[in-house]
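Visitor: Handing you this structure, nothing more for now.
The values are calculated or read from the model by the stated rules, or taken from the named source; none is laboratory data. Keep in mind the model is a prediction, meaning the values are calculated, not measured. Here the Cβ positions follow ideal geometry from the backbone for every residue, glycine too, while neighbour counts run over all protein chains shown.
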Amino acid sequence: TAVYPFYGKHQAGILTPAQDRLHFAAFDVTDGTSRADLIELLQDWSVAAAAMTAGRDIGDYGAVSGPYDAPPEDTGEAVGLPASGLTITFGFGPSLFRTAAGADRFGLAARQPAELVDLPHFPGDMLDDARSGGDLCIQACANDPQIAVHAIRNLSRIAFGRAALRWSQLGFGRTSSTSTSQATPRNLFGFKDGTANIKAEEPAAATEHLWVGSTDGPAWLAGGSYLVARRIRMTIETWDRSSLREQERVIGRTKGEGAPLSGGTEFTEPDFEIAGRGDLPLIDEASHVRLAHPTQNDGIRILRRGYNFVDGNDSLGRLDAGLFFISFQRTPQSFSTVQLNLARHDAMNEYLKHVGSALFAVPPGAATGSYVGAPLFA
Ligand code: HEM
């Protein structure tokens, strides 16, 4: 099974072929933690992440070889399992640089990127503070859910006393492709998702739309990216009662093949001009694909890397289901432009509720022997 190195120019888990499973966690740095403690935490996290992504236990002794009278260094549930394509991606939230009250806890305020501020409130947002924000984030993706959970569990344990879990999210099926070698998966609306995504085979698009450039902002972030996470509840009971015609109108693509309603096959470019009956465009003015398309958004593209979730049900017997949307982009402004367009006009809004939101600056990859985010503290 796949092994993705932890150290490198960019962090893994962004352009890496999207794995099937996710455990995402946001942390708040614990009161009393110093700048030196924070650096030590990032160092400890990096060493552990390098071990786990290579398929090894963490620590000197791992799960079962340590002193008999001490808690094992590794929690053990990954023993005997392969690396399963595990990637661990770290990010820094706006509140790491400056608290809501303006405090510069770690001497980082001068290095806060101008764009790393809370996302604007979008029309229709119903955000829950307990599912939003965070000083730090870790995205663990793998092809085995146990491996992704093991990673977050052990990193949370390492953080004890320095950073505490604020919120976390499991995802059980990818809703994107980030490589042309992957088949397009489906989201919980039953539609193919990820067709028009940025793919690893488009390096020019990645340079233009994904990675922070060396002259974009603070030098420490060059080669990094911005991660947006949105917990989007899907009212699937209502969706499931809508006609196939309505479902395809809302998306702007066919449900079976995923082809644009203007014709062709899955990867045919949509044609928004072609009209059908009554001179109406074949791809509805309010369809998701039209409103999210680069031609409607100043040429903007983003890299989507989200996951399906079902977290039990609510008191009305409706599944608490949806899409844990994750996107990476060179600037948060790209996400906001597209999201504002969608929030205002998307026919899909009838079936959606945005309940969680977070933005993180994702530093470049760590050099071998160094730790993630080192240039920020240099
Ligand atoms: C395309 C579903 C939320 C941005 C698509 C497609 C589907 C889909 C089925 C067409 C296939 C594809 O190209 O991947 C959903 C669902 C959502 C959601 C179910 C929420 C639960 C969002 C959000 C954004 C977004 C929040 C960004 C703000 C895009 C973009 C495209 C796209 C940029 C590609 C458009 C193109 O270039 O043709 N989405 N989406 N989506 N979506 Fe979403």
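Visitor: Check G107, G102 and return the single one that is more than 26 Å from A343 (Cα to Cα), touching a helix residue (DSSP H, G or I) at 6+ places or on another chain (Cβ under 9 Å) and modelled with pLDDT under 95.
Guide: Working: G107 fails: modelled with pLDDT under 95.
It is G102.
Visitor: Follow-up question, since we're still on this one. State the number of residues belonging to the stretch 159-215 that are without any contact (Cβ under 8 Å) to a residue 40 or more places away in the chain, within 30 Å of S243 (Cα to Cα) and small (G, A, S).
Guide: So the answer is 1.
Visitor: Something else: Please specify each residue of the stretch 337-353 satisfying the condition of being more than 6 Å from the ligand (Cβ to nearest atom), in a helix (DSSP H, G or I) and not hydrophobic (A, V, I, L, M, F, W, C). Step through it out loud before you land on a result.
Guide: Of the residues in the stretch 337-353, the ones more than 6 Å from the ligand (Cβ to nearest atom) are 337, 340-341, 343-351, 353.
Now restrict to residues that are in a helix (DSSP H, G or I): 337, 340-341, 343-345, 347-351.
Matches in the stretch 337-353: T337, N341, R344, H345, N349, E350, Y351.
Visitor: Kindly list, by first and then second residue, each pair from a residue in the stretch 289-308 that is closer than 20 Å to V250 by Cα to a residue that is near the ligand (Cβ under 7 Å from one of its atoms) and assigned to a helix (DSSP H, G or I), limited to pairs with Cβ atoms under 7 Å and residues at least 6 apart or on different chains.
Guide: V289/I251; L291/L342; A292/V338; A292/L342; N297/V338
Visitor: Ok, one more. What about F335, is it under 14 Å from the mean Cα position of the chain (by Cα) and within 12 Å of L227 (Cα to Cα)?
Guide: Here the answer is yes, as F335 does meet what is asked.
Visitor: Can you report the number of residues in the stretch 252-308 which are within 13 Å of the ligand (Cβ to nearest atom), of a type in the set (A, V, I, L, M, F, W, C) and touching a Pro at 6+ places or on another chain (Cβ under 7 Å)?
Guide: Number of matching residues: 4.
Visitor: When you look at S334, is it closer than 24 Å to P17 by Cβ and either assigned to a strand (DSSP E or B) or touching a strand residue (DSSP E or B) at 6+ places or on another chain (Cβ under 7 Å) (or both), yes or no?
Guide: no
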